Amino acid sequence: MIHLHDKNKKKIAGLIDYKDLFIESELQSGEKTLCFYYPKKANYYFDIMEECYIKTKENEYIVKERNVQSEYTEFKCILNLEDIEGKPFSKFESKEQTIDKALALALAGTGWVVNKCDLKKKRTVRMTNCSSLEIVQEIKKIYRCDIVFNTLDKTIDVYEHLGEDKGTYFIDSLNLK
């Protein structure tokens, strides 16, 4: 079940009539997209509007797009990273710091914190005229790590490498049958 919240984060209802719900994770940025179809004749259909919130067991999403079709409407939602996006920096500098300290500096005042982090590399990050989210993405690139956002707890987990190498790969130039 997913839960629908209005623009003020007040719970409206639990939605159960949805179909084809899936979540796409983008490893490069750590962001996720939630998509689902909801019937036009179901309860609370007219309450699902852009900029409303959808909560799952793991994360909170913002409804960004609705594609109306004959019987169902497709809803596309993105991770709720508003607090991080809304914190501007005119100048950011973190000299020879570990990633958890650099992230803590970038997240100061947003309500977000670093949860899991086992990297001990030290790097320098400098940026101007940017948001906390842009700094987090730059930190991810400089430290060469993977980041997972937990929007319910407002925490960031840092991993050296997500996933594992299974030894399987695909080549376009082979003629596979």
From the Cα centre of region 1-27 to that of region 86-127, the distance in Å is 30 Å
So for R0 = 30 Å, FRET eff. of R66-R126 from the Cβ-Cβ r, to 0.05, ends up at 0.15
Karplus ³J(HN,Hα) for region 28-42 (6.51 cos²θ - 1.76 cosθ + 1.60, θ = phi - 60°; Hz, whole; x = Gly/Pro) runs 5, 10, x, 8, 10, 10, 10, 10, 7, 10, 10, x, 5, 8, 7
In the structure shown, of K64/K87; K64/K116; K10/K40; K57/K121; K64/K122, the pairs separated by more than 26 angstrom at the C-alpha atoms are K64/K116; K57/K121; K64/K122
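Tell me the net charge near L34. Cut-off is 15 Å between Cβ atoms, L34 excluded, with +1 for each Lys or Arg and -1 for each Asp or Glu. Write out the running numbers ahead of the final one.
Values: positive: K19, K32, K55, K57, K64, R66, K76; negative: D20, E24, E26, E31, E50, E51, E58, E60, E65, E74.
So the environment of L34 carries a net charge of -3.
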Note, region 142-159: 3J(HN,Hα) by Karplus (6.51, -1.76, 1.60, θ = phi - 60°), whole Hz, Gly/Pro = x, goes 5, 7, 6, 9, 10, 10, 10, 8, 10, 6, 6, 8, 6, 10, 10, 9, 10, 10
Given backbone amide H placed at 1.01 Å from N, residues whose amide H is under 5 Å from that of N59, ignoring those fewer than 5 places away on the same chain, are none
Which residues qualify? For E31, with a placed amide H closer than 5 Å and at least 5 residues away or on another chain, they are E26
Fraction of alpha-carbon pairs in region 1-56 farther than 18 Å apart, rounded to whole percent, equals 36 percent
With no solvent term and unit scatterers on the alpha-carbon positions of the chain, Debye gives log₁₀ I(q)/I(0) at q = 0.16, 0.19 Å⁻¹ of -0.97, -1.15
Listed by chain and number, the lysines with an alpha carbon less than 17 angstrom from that of K91, same-chain partners under 8 positions apart left out, are K101
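Per-residue ellipticity at 222 nm for the chain, helices alone: DSSP H runs ≥ 4 residues times -39500 (n - 2.57), over residue total, nearest 500 deg cm²/dmol? Let's see the in-between values first.
Details: 3 runs with 25 residues, N = 177.
Helix contribution divided over all residues of the chain: -4000 deg cm²/dmol.
Accessible area per residue of region 86-137 at 1.4 Å probe, in Å²? Kindly include the intermediate steps, with their values, before the conclusion.
On the way: 2950 Å² over 52 residues.
Averaged over the residues of region 86-137, the accessible area is 57 Å².
As an exercise, use a Förster radius of 30 Å and the Cβ-Cβ distance of L21 and T168 to find the FRET efficiency, rounded to the nearest 0.05. Please list the in-between numbers first.
Details: r = 28 Å, r/R0 = 0.92.
Approximately 0.65, to the nearest 0.05.
The values are calculated or read from the model by the stated rules, or taken from the named source; none is laboratory data. As the structure is a prediction and not an experimental result, all values here were calculated from the model. Neighbour counts are summed over all protein chains in view; Cβ atoms, including those assigned to glycine, are modelled from backbone coordinates with ideal geometry. SASA here: full protein model, heavy atoms, side chains in, ligands and nucleic acids out. Shrake-Rupley method; radii C 1.70, N 1.55, O 1.52, S 1.80 Å.
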